[in-house]
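To start, the structure under review is shown below, and the notes come after it.
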Amino acid sequence: MNHKSVFVIALLLLLTLPLTVAGQDKKDSGKVTITGCLNKGADANHFTIKDDKTGKESTVTGDAAKLTPHANNHNVTITGTMTKEKDKEVVKAEDIKMNSVCK
């Protein structure tokens, strides 16, 4: 190999390595999507959702004006981020979509 080839290969590695690392950060960003019946929680700013697939119940926070109309009667899909609140995992809702009325 000549010096130009080695330089080009090294340059390509230097340019693609940050892109690879950035792609991994996005994949592990903590985004979650949960579908289930939304219910009121302990107070006006907390809700619960029971995942239709796993049966796991999660606490949900977020814009109460968007979440409250769906509490206690709507099956929804919530997209958000997992966070910690007083050492408990909480879903911070960023988007909510109504699917149907809960049975």
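What follows is calculated from the coordinates using simple rules that are stated; it is not laboratory data. Not measured: the values here are computed from a predicted model. Every residue, glycine as well, gets a Cβ built from its backbone with ideal geometry; the counts of neighbours run over all protein chains shown.
What to note about this one:
- Length-normalised contact order of the stretch 31-101 in % [C-alpha pairs under 8 Å, at least 6 apart]: 33 percent
- Electrostatic bookkeeping for residue 62 treats Lys and Arg as +1 and Asp and Glu as -1; over the other residues with beta carbon under 10 Å from its beta carbon, the sum is -1.
- Summed side-chain charge close to residue 35 - residues other than residue 35 whose Cβ falls under 11 Å, Lys, Arg +1, Asp, Glu -1: +1
- Ranked for footprinting exposure by Cβ neighbours inside 10 Å, fewest first, 70, 3, 46 give 3, 46, 70.
- Amide proton proximity set for residue 102, modelled H, under 5 Å, gap of 5+: 74, 75
- Counted charge near residue 48, where neighbours are those whose Cβ lies closer than 11 Å (Asp, Glu -1; Lys, Arg +1): +1
- Residue order, fewest to most surrounding Cβ atoms within 10 angstrom, among 40, 4, 86: 86, 4, 40
- Assigned charges on the beta-carbon of Lys, Arg, Asp, Glu; the stretch 31-101 dipole about Cα centre (debye): 60 debye
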